[in-house]
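Engineer: Questions regarding the structure given below will be posed in turn.
The values are calculated or read from the model by the stated rules, or taken from the named source; none is laboratory data. Owing to the predicted nature of the structure, the values given are computational and were not obtained by experimental measurement. No Cβ is skipped: glycine too gets one built from the backbone with ideal geometry, and neighbour counts run over all protein chains shown. We work out accessible area using only protein heavy atoms, side chains counted, and drop any ligands, DNA or RNA first. Shrake-Rupley method; radii C 1.70, N 1.55, O 1.52, S 1.80 Å.
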Amino acid sequence: MYMNLERDKEGRYYYRLPRSLLSEDLKHPYADYHPRPTYGSISIDMTDADAYKRKLEEDNKIRITFTSMIIKAAAEALEDFPILCGVWEGKDRIRCPDPRKIDIVGPVQIEEKGGFFLIEEANRKTLIGISEELRTQVDKVRLEKKVGYPWPRERGELKPLFEITNPGMMGVESAFTVPRPIATSLLIICVIEEKPIVRDGQIVVRKMMNAILSIDHYAMLAKIPLGFLNKFKRNLENPSLTFNVV
């Protein structure tokens, strides 16, 4: 997906949909838009990630959240699939981020309402750096009660970014929703819980998490979201290779 990106005169990255994805009746996404959502789900073994997190906390005397790990793992995977961070610009063009600079946005619960956090260039930051920045942002949003979800802008334009929502924090095992009308995808993170699984012919108890990627199927074929999900899974299941901490 990285190799298919083009750049305009202003240096912005974009992806132009191939003719195979277009049809005469395809409407402009901003006008009378009806998403065509498609979902992909993958089960991720978080046992080693949990052990890695606990050791990192003990060694550095800090608190690391699973959300920080999910942000970092997703950002690393998105370098190869930046269209998943895209925003629509017309019928056949999706503006994407610089694949070296992946921004991640997500919700912050404020009583019965919600705000949001924004981790910029998450793929270039360490896990500890993301964790500290996330904690600072969440504390500030809750203290100031910054309710609402204004889409971030850059140079007056809607910023290409990747959205993560985490109903798993409330014990939800599975959830489905659609991306925002301007966006191409949304990652849904479900609860981490102990489950019996088969490994090497033996039944063992592991900490499992379900991740669901909701995409606008007008924007891409299945190989892109499925490729992302598999890389996201590998990143979380191999924490010592994914989470540089210095």
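Engineer: Given the residues I64, I104, which is the only one that is buried (at least 22 other Cβ atoms within 10 Å of the Cβ) and over 27 Å from R12 (Cα atoms)?
Structural biologist: From the options I64, I104, the qualifying one is I64.
Engineer: Tally time: how many residues in region 127-161 are touching a Gly at 6+ places or on another chain (Cβ under 9 Å) and either on the phi > 0 side of the Ramachandran plot or not in a helix (DSSP H, G or I) (or both)?
Structural biologist: The number of residues fulfilling the criteria is 6.
Engineer: Against the condition of a type in the set (S, T, Y) and closer than 22 Å to D98 by Cβ, how does T126 come out, does it pass?
Structural biologist: It is true that T126 is of a type in the set (S, T, Y) and closer than 22 Å to D98 by Cβ.
Engineer: Between A74, A49, A122, which is in contact (Cβ under 8 Å) with a residue 40 or more places away in the chain, small (G, A, S) and under 22 Å from L221 (Cα atoms)?
Structural biologist: Exactly one residue qualifies, and that residue is A74.
Engineer: Among what's in region 99-121 and is of a type in the set (G, A, S) and more than 13 Å from the chain's Cα centre (by Cα), pick the residue that is farthest from C85 (Cα to Cα).
Structural biologist: My answer is G114.
Engineer: Let me ask something else about it. Quick one: how many residues across region 71-98 are among the β-branched types (V, I, T), under 15 Å from the mean Cα position of the chain (by Cα) and either over 20 Å from L134 (Cβ atoms) or open to solvent by 10 Å² or more (accessible area, probe 1.4 Å) (or both)?
Structural biologist: Total satisfying the criteria: 2.
Engineer: Give me a count of the residues in region 45-61 that are open to solvent by less than 30 Å² (accessible area, probe 1.4 Å) and either charged (D, E, K, R) or modelled with pLDDT of 95 or more (or both).
Structural biologist: Going through region 45-61 one residue at a time, the tally reaches 5.
Engineer: Within region 61-82, which residues are farther than 25 Å from G168 by Cβ and in a helix (DSSP H, G or I)?
Structural biologist: The one that is farther than 25 Å from G168 by Cβ and in a helix (DSSP H, G or I): P82.
Engineer: List the pairs whose first member sits in region 88-115 and is assigned to a loop (DSSP other than H, G, I, E, B) and of a type in the set (D, E, K, R), whose second member is at pLDDT 95 or above and surrounded by fewer than 15 Cβ atoms within 10 Å (Cβ to Cβ), and whose Cβ atoms are under 6 Å apart, counting only residues at least 6 apart or on separate chains?
Structural biologist: K101/E121
Engineer: With the structure loaded, tell me whether L226 is over 24 Å from E120 (Cβ atoms) and aliphatic (A, V, I, L, M) or whether it fails that test.
Structural biologist: Yes.
Engineer: Please enumerate the residues belonging to region 179-205 that are touching a residue at least 60 places away in the same chain (Cβ under 8 Å), surrounded by 16 or more Cβ atoms within 10 Å (Cβ to Cβ) and part of a strand (DSSP E or B).
Structural biologist: A183, S185, L187, I189, I192, listed by residue number.
Engineer: Let me ask something additional. Filter region 206-226 for residues that are open to solvent by less than 20 Å² (accessible area, probe 1.4 Å) and outside any strand (DSSP E or B) and give the result.
Structural biologist: If the condition is that a residue be open to solvent by less than 20 Å² (accessible area, probe 1.4 Å) and outside any strand (DSSP E or B), then A219, M220, I224, P225 are the ones that fit.
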